[in-house]
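Peer 1: My structure is below; once you've seen it, I'll send some questions.
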Amino acid sequence: MSVILVTGSYDHEIRFWEAWSGICSRTIARSGESGQVNRLAISPDKRLLAAAIHKKVNVYEIASSSSTPVITFEGHTSNVTSVSFHSQGKWLVTGSEDGTIKIWDLRNTHLHRNYNNEASVNDVCVHPNQGELISCDQAGRIKQWDLSENICTHELTPAGDVPIRSVTLASDGSCLVAGNNKGKCYVWKINEEGMGLPRFQAVTKFQAHNKYLTRCLLSPDVKYLATCSADTTVKIWSISSNYEFKLEKVLQGHQRWVWDCAFSADSAYLVTASSDHTARLWEMSSGETVRQYNGHHKAAVCCALHDGAG
């Protein structure tokens, strides 16, 4: 099973790594083109890498050695902060500081849909049912957008106007976790429509970090939550059946802010990217670093991992 591990940096480079040896196997240098790499996403079939680079999104072929993108999506007027593939790999979803969420057609490179969120968008994820998007923004709001009806159907504001930095959805659609700028996490159970219960039922909240939270991410098996922070650590929280979050491990080793993380398909490993210029591979069971990836010349701010079935 091939492992695709990619990092992006303020040095403008995108690097592919051999996960176990730690060797950089390919660099997309993007010479003569400005703009830092903000977010990365790998398509479900492992064919494409989408990179949010300043206001645009470049899509590269993973199997090719070319540094030229096969598609470039332009239309956002400010930093693109999030990028994700729809499950069939036909659409790309982006969120931006320009206050919009856009859906792009990968087959004809057209803008398929545009949602106006007004406030700067910090993160967007696609619901496992593939029919909804969940976004969070600088105004402290979390919204659910219906892809069939083209509207915002739900809105949550757990902490007033404190900006929500990151949102993550359980792979089975059971819960939503959001992290804010003050290091606090909020958790909702997601109920099926038509059950007579609220779609998003608040179940708990907890202080994950005392400093800025940069990313929260649920593991594929929905047993753990990883939170990344300006405090240089990543914390691993176990999740009980009644949504109690217990701190299991503190992953220590990065020297500066940790910006992003990605789980392996079996939830046994976690990759992280940090301002200390490195990325690390952690073993979840021991909480230890098993590999470090050195090569970026500036902060590594985003990472993507796909080691599941293509």
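The values are calculated or read from the model by the stated rules, or taken from the named source; none is laboratory data. Treat the numbers as computed from the prediction; the structure is a model and nothing was measured. In this analysis, Cβ positions are derived from the backbone assuming ideal geometry, glycine residues included, and neighbour counts consider all displayed protein chains. Just the protein is used for accessible areas: all its heavy atoms, side chains included, with ligands, DNA and RNA removed. Shrake-Rupley method; radii C 1.70, N 1.55, O 1.52, S 1.80 Å.
Peer 1: Taking each pair of different alpha-carbon atoms in the stretch 197-282 once, compute 1/r for the pair, average those values, and report the inverse of that mean as the Kirkwood hydrodynamic radius in Å to one decimal.
Peer 2: It is 13.4 Å.
Peer 1: Using only the alpha carbons of the chain, determine the length spanned along each of the three principal axes and report them from longest to shortest in whole angstroms.
Peer 2: Largest to smallest, the principal-axis extents are 53, 45, 34 Å.
Peer 1: Connecting C-alpha atoms closer than 10 Å in a GNM of the chain, tell me which of 280, 256, 113 has the biggest fluctuation.
Peer 2: 113
Peer 1: For the stretch 86-139, what class follows from the C-alpha gyration tensor (a ≥ b ≥ c being the square roots of its eigenvalues): rounded when a/c is under 1.5, otherwise prolate if a/b is larger than b/c, else oblate?
Peer 2: Oblate.
Peer 1: Here is a further query. Using a basic spin-label model with each label point 7 Å from the Cα along Cα→Cβ, how many nm lie between residue 191 and residue 290?
Peer 2: For the pair residue 191/residue 290, the computed spacing is 4.1 nm.
Peer 1: With springs only between Cα atoms under 10 Å, which of 198, 163, 128 fluctuates most in a Gaussian network model of the chain?
Peer 2: Fluctuation is largest for 198.
Peer 1: Still on this structure, I have one more. How many Å² of accessible area per residue for the chain, probe 1.4 Å?
Peer 2: That works out to 41 Å² per residue.
Peer 1: A further question on this structure: Please work out the Kirkwood hydrodynamic radius for the stretch 83-189, using every pair of different C-alpha atoms, and report it in angstroms with one decimal place. Before the final figure, lay out each step's value.
Peer 2: Details: mean 1/r = 0.0724 Å⁻¹.
Roughly 13.8 Å, rounded to one decimal.
Peer 1: Then there's this: Percent relative contact order of the chain, based on C-alpha pairs within less than 8 angstrom and at least six residues apart?
Peer 2: So the answer I get is 14 percent.
Peer 1: Return the carbon/sulfur percentage of the accessible area of the stretch 67-125, one whole number, probe 1.4 Å, all protein chains in place.
Peer 2: Carbon with sulfur: 42 percent of the solvent-accessible area.
Peer 1: Provide Rg and Dmax in Å for the stretch 174-246, with only Cα atoms included in the calculation.
Peer 2: Rg and Dmax of the stretch 174-246, Cα atoms, are 12.8, 43 Å.
Peer 1: For the stretch 163-310, I need the span (max minus min coordinate) of the C-alpha atoms along each principal axis, in Å, sorted largest to smallest.
Peer 2: Largest first, the stretch 163-310 extends 53, 36, 24 Å along its Cα principal axes.
Peer 1: Further question on the same structure: Can you tally the net charge around residue 137? Count Lys and Arg as +1, Asp and Glu as -1, for every other residue whose Cβ sits under 13 Å from the Cβ of residue 137.
Peer 2: Working: positive: 141, 143, 165; negative: 97, 98, 118, 123, 155, 161.
With Lys, Arg at +1 and Asp, Glu at -1, the net is -3.
Peer 1: Considering only C-alpha atoms, what is the centroid distance from the stretch 200-238 to the stretch 85-161, in Å?
Peer 2: 21
Peer 1: Turning to a different aspect of this structure: Counting only protein heavy atoms and using a 1.4 Å probe, what share of the accessible area of the stretch 171-310 belongs to carbon plus sulfur, as a whole percent? Present the calculation step by step, with values, prior to reporting the outcome.
Peer 2: Details: 2720 of 5920 Å².
C and S fraction of accessible area: 46 percent.
Peer 1: To one decimal place, what Kirkwood hydrodynamic radius in Å is obtained for the stretch 1-143 from all pairs of distinct Cα atoms?
Peer 2: Over the stretch 1-143, the inverse of the mean reciprocal pair distance is 15.5 Å.
Peer 1: What percent of all Cα-Cα pairs in the stretch 250-310 falls in each 5 Å bin, counting up from 0?
Peer 2: 4, 20, 30, 25, 14, 6, 1
Peer 1: Report P(r) for the stretch 229-275: all Cα-Cα distances, bin width 10 Å, range 0 to the bin holding the largest distance, values in whole percent.
Peer 2: 25, 48, 25, 2
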